[in-house]
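A.B. asks: Next up is a structure, given as structure tokens.
The values are calculated or read from the model by the stated rules, or taken from the named source; none is laboratory data. Bear in mind the structure is a predicted one, so any value in this text is a computation, not a measurement. Note that each Cβ is placed from the backbone with ideal geometry, even for glycine, and that neighbours are counted across all protein chains shown.
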Amino acid sequence: MAERISYVQGDFLDDSTYQDIASKIECTGAKNAVFYLATAPRFFSEVAQRLGSSGLLQETDDGFRRVIIEKPFGSDLASAVALNGCLLKVMSEKQIYRIDHYLGKETVQNILVSRFSNGLFESFWNNHYIDHVQITAAETVGVETRGSFYEHTGALRDMVPNHLFQLLAMVAMEPPAAFGADAVRGEKAKVVGAIRPWSKEEALANSIRGQYAQGTMGGKEVVGYRQEDRVEPDSTTETYVALKVMVDNWRWVGVPFYLRTGKRMSARSTEIAICFKPAPYAQFRDTEVDRLKPNYLRIQIQPNEGMWFDLFAKRPGPTLEMEDIALGFAYKDFFEMQPSTGYETLIYDCLTGDQTLFQRADNIENGWRAVQPFLDAWASQPEVQLYEAGKNGPDAGDELLSRDGREWRDLNV
């Protein structure tokens, strides 16, 4: 393998670099090429234009040319539209692979398989039986060496229009006509496009911005965000965000989707929790059974990949006592799991020309369109609510649900 690795040294803002790359490809005799843009996002357009003008994106009957682009894809709706326009001037949509490593994770891919290969799910996968959906991406780490990047991005831009909305789309999309790239991506784009555009007042009421302060993680004192390297001492950049969004279509009308993501939280966990409505009749109201908690279908994406139903069962004994049980499976108990970040699957898909797990232009733009009201509302009220490192965000994040008579699932359960 090492013998097949070579490189071209140069400045990607210098046209001669692209001429050198073309010469290197020609010397190897390779007909296929993938260009992975892992540069700072502000250079995406420039690099794409130079790839195009140098002829490196010209495909032949027996050779493809593809471009992988990392997130963030734009910083708001206008910049995402502009970037898509720039790319499509020099290449076709079928050559563009907008990568989101979450979509390469086994449990995320299994959402579609579980939903659409098991007939039992469709009967209750709607607003008649589902009360609400929670999507959480919690991290215990801080910004570490990414202070400068985070100052210009924040949790909303970094996580919501890509990672969290892609998870929402997997849960909420309609069944595709076929399991192919166009059909799957079309349904995902439609459901993200159905997210209700909040007014400024509604956006403020349905969002919480937080920033971690000094605290304790694993028995060790850690600094607050404003004390991190390359972070302004009076920064108002959010490291935590919680949102309530509504999907306005036939299946999901009236079902809120609560999204949260944050750094320096109590546990590392990425999870989708689908909360079902209570039984229509309080059968056990005259017994000593405590108030029954909601049933959840939990899809754990990390760290313990798997899927569980939270149900109730009678505890053996002469009295009527109930206990929570989790009915489900962990991937590691059924399959031999290889360590994976998700990138391995996606890069392989790019090489084979499968765009199913990559975002299309309309999906990207619909995601930013749904996020834009929050960005606009926050521009006039940039303050953030501080939360102690090791806690699960500011108290207002809990109040976002409690005012609706709901609560976040415990990250540590």
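A.B. asks: Within region 74-96, is there a residue that is surrounded by 17 or more Cβ atoms within 10 Å (Cβ to Cβ), out of contact with any Phe, Trp or Tyr (no Cβ under 7 Å at 6 or more places or on another chain) and charged (D, E, K, R)?
C.D. replies: no
A.B. asks: Quick check, is M173 over 16 Å from the mean Cα position of the chain (by Cα) and aliphatic (A, V, I, L, M)? Please lay out each step first, then the result.
C.D. replies: Numbers: over 16 Å from the mean Cα position of the chain (by Cα): no; aliphatic (A, V, I, L, M): yes.
It is false that M173 is over 16 Å from the mean Cα position of the chain (by Cα) and aliphatic (A, V, I, L, M).
A.B. asks: Taking region 225-241 as the region of interest, how many residues are more than 15 Å from P382 (Cα to Cα) and in contact (Cβ under 8 Å) with a residue 60 or more places away in the chain?
C.D. replies: Of the residues in region 225-241, 5 are more than 15 Å from P382 (Cα to Cα) and in contact (Cβ under 8 Å) with a residue 60 or more places away in the chain.
A.B. asks: Enumerate the pairs (first residue in region 168-191 and farther than 17 Å from D354 by Cβ; second residue anywhere and in a loop (DSSP other than H, G, I, E, B) and at pLDDT 95 or above) with beta-carbon separation below 6 Å, excluding pairs fewer than 6 apart on the same chain, so at least 6 apart or on different chains.
C.D. replies: Once the first residue is farther than 17 Å from D354 by Cβ and sits in region 168-191, its partners that are in a loop (DSSP other than H, G, I, E, B) and at pLDDT 95 or above give A172/W252; V191/M173.
A.B. asks: Turning to a different aspect of this structure: Of everything in region 238-285 that's in contact with a Phe, Trp or Tyr (Cβ under 7 Å, 6 or more places away or on another chain) and part of a loop (DSSP other than H, G, I, E, B), which residue is modelled with the lowest pLDDT?
C.D. replies: Applying the filter and picking the extreme gives K277.
A.B. asks: For residues that are hydroxyl-bearing (S, T, Y) and out of contact with any helix residue (DSSP H, G or I) (no Cβ under 7 Å at 6 or more places or on another chain), scanning just region 217-236, find the one that is farthest from T145 (Cα to Cα).
C.D. replies: In the first step, residues of region 217-236 are kept if they are hydroxyl-bearing (S, T, Y); the result is 225, 235-236.
Narrowing further to those that are out of contact with any helix residue (DSSP H, G or I) (no Cβ under 7 Å at 6 or more places or on another chain): 225, 236.
Working: Y225: 12, T236: 18 Å.
Within region 217-236, the match that is farthest from T145 (Cα to Cα) is T236.
A.B. asks: Within the set of pairs 6 or more residues apart or between chains, which connect a residue that is within 15 Å of W308 (Cα to Cα) inside region 103-130 to a residue that is at pLDDT below 90 and part of a helix (DSSP H, G or I) with Cβ atoms less than 6 Å apart?
C.D. replies: The qualifying pairs are V108/Y102.
A.B. asks: With the checklist (1) assigned to a helix (DSSP H, G or I); (2) out of contact with any Phe, Trp or Tyr (no Cβ under 6 Å at 6 or more places or on another chain) in hand, flag the one item V34 doesn't pass.
C.D. replies: (1)
A.B. asks: Could you tell me whether region 113-128 includes any residue that is under 21 Å from D248 (Cα atoms), in the same structural domain as A177 (by TED's automatic domain parsing) and hydroxyl-bearing (S, T, Y)?
C.D. replies: Checking region 113-128: at least one residue is under 21 Å from D248 (Cα atoms), in the same structural domain as A177 (by TED's automatic domain parsing) and hydroxyl-bearing (S, T, Y).
A.B. asks: Also, quick follow-up: One residue is enough: does region 62-70 have a residue meeting the conditions closer than 30 Å to I299 by Cα, surrounded by fewer than 18 Cβ atoms within 10 Å (Cβ to Cβ) and either hydroxyl-bearing (S, T, Y) or modelled with pLDDT under 95 (or both)?
C.D. replies: In the first step, residues of region 62-70 are kept if they are closer than 30 Å to I299 by Cα; the result is 68-70.
Remaining after also requiring surrounded by fewer than 18 Cβ atoms within 10 Å (Cβ to Cβ): 70.
Next, from what is left, pick out any that are either hydroxyl-bearing (S, T, Y) or modelled with pLDDT under 95 (or both): 70.
Yes; the residues of region 62-70 include at least one that is closer than 30 Å to I299 by Cα, surrounded by fewer than 18 Cβ atoms within 10 Å (Cβ to Cβ) and either hydroxyl-bearing (S, T, Y) or modelled with pLDDT under 95 (or both).
A.B. asks: So G55 ticks every box in (1) in a loop (DSSP other than H, G, I, E, B); (2) surrounded by 20 or more Cβ atoms within 10 Å (Cβ to Cβ) but one. Which box is left unticked?
C.D. replies: G55 satisfies all of (1) in a loop (DSSP other than H, G, I, E, B); (2) surrounded by 20 or more Cβ atoms within 10 Å (Cβ to Cβ) except (2).
A.B. asks: Something else now. Considering only residues that are under 19 Å from F165 (Cα atoms) and among the aliphatic types (A, V, I, L, M), look in region 105-135 and name the one that is surrounded by the most Cβ atoms within 10 Å (Cβ to Cβ).
C.D. replies: By that ranking, first place goes to I135.
A.B. asks: Then there's this: Of a type in the set (D, E) and in contact (Cβ under 8 Å) with a residue 40 or more places away in the chain, is that true of E388?
C.D. replies: Yes, satisfied.
A.B. asks: Please go through region 1-31 and pick out each residue that is closer than 26 Å to Y343 by Cα, hydrophobic (A, V, I, L, M, F, W, C) and not in a helix (DSSP H, G or I).
C.D. replies: Once the filter is applied, which keeps residues that are closer than 26 Å to Y343 by Cα, hydrophobic (A, V, I, L, M, F, W, C) and not in a helix (DSSP H, G or I), region 1-31 yields M1, I5, V8, F12, A30.
A.B. asks: Out of everything in region 351-388 that is β-branched (V, I, T) and in contact with a strand residue (DSSP E or B) (Cβ under 8 Å, 6 or more places away or on another chain), what residue ends up being surrounded by the most Cβ atoms within 10 Å (Cβ to Cβ)? Even if it seems obvious, please write down each step before you answer.
C.D. replies: From region 351-388, those β-branched (V, I, T) are 352, 356, 364, 371, 384; that's our starting set.
Within this subset, residues satisfying the condition of being in contact with a strand residue (DSSP E or B) (Cβ under 8 Å, 6 or more places away or on another chain) are 364, 384.
On the way: I364: 26, V384: 23.
Only one residue tops the list, namely I364.
A.B. asks: Where residues in region 83-101 are outside any helix (DSSP H, G or I) and under 30 Å from I301 (Cα atoms), which of them is nearest to the chain's Cα centre (by Cα)? Please lay out each step first, then the result.
C.D. replies: To start, the set of residues in region 83-101 that are outside any helix (DSSP H, G or I) comprises 91-92, 96-100.
Filter once more, so that each one left must be under 30 Å from I301 (Cα atoms): 96-100.
Details: I96: 19, Y97: 16, R98: 13, I99: 11, D100: 8 Å.
The extreme case among them is D100.
A.B. asks: Exactly one condition in (1) out of contact with any Ser or Thr (no Cβ under 8 Å at 6 or more places or on another chain); (2) in contact (Cβ under 8 Å) with a residue 12 or more places away in the chain is false for R146; which is it?
C.D. replies: So R146 meets the others, but not (2).
A.B. asks: Search region 326-350 for residues being exposed (fewer than 12 other Cβ atoms within 10 Å of the Cβ) and of a type in the set (A, V, I, L, M, F, W, C), and hand back the single one that is farthest from F35 (Cα to Cα).
C.D. replies: The residue in question is L327.
A.B. asks: Further question on the same structure: Can you tell me which of (1) surrounded by fewer than 17 Cβ atoms within 10 Å (Cβ to Cβ); (2) at pLDDT 95 or above; (3) over 25 Å from T356 (Cα atoms); (4) not aromatic (F, W, Y) is the one V34 doesn't meet?
C.D. replies: Failing condition for V34: (3).
A.B. asks: Additional query: With G397, G405, G342, G317 as the choices, which residue is modelled with pLDDT of 90 or more and on the phi > 0 side of the Ramachandran plot? Quick ask: steps written out before the conclusion?
C.D. replies: Working: G397 fails: on the phi > 0 side of the Ramachandran plot; G342 fails: modelled with pLDDT of 90 or more; G317 fails: modelled with pLDDT of 90 or more.
Every option except G405 fails the conditions.
A.B. asks: Here is a follow-up. With the condition kept exactly as written, say whether any residue in region 203-214 is touching a Ser or Thr at 6+ places or on another chain (Cβ under 9 Å) and modelled with pLDDT under 95.
C.D. replies: No, because not a single residue in region 203-214 is touching a Ser or Thr at 6+ places or on another chain (Cβ under 9 Å) and modelled with pLDDT under 95.
A.B. asks: When you scan region 323-348, how many residues do you find that are of a type in the set (D, E) and in contact (Cβ under 8 Å) with a residue 60 or more places away in the chain?
C.D. replies: Filtering region 323-348 for residues of a type in the set (D, E) gives 323-324, 333, 336, 344.
Add one more test, that the residue is in contact (Cβ under 8 Å) with a residue 60 or more places away in the chain, and what stays is 344.
Qualifying residue count, region 323-348: 1.
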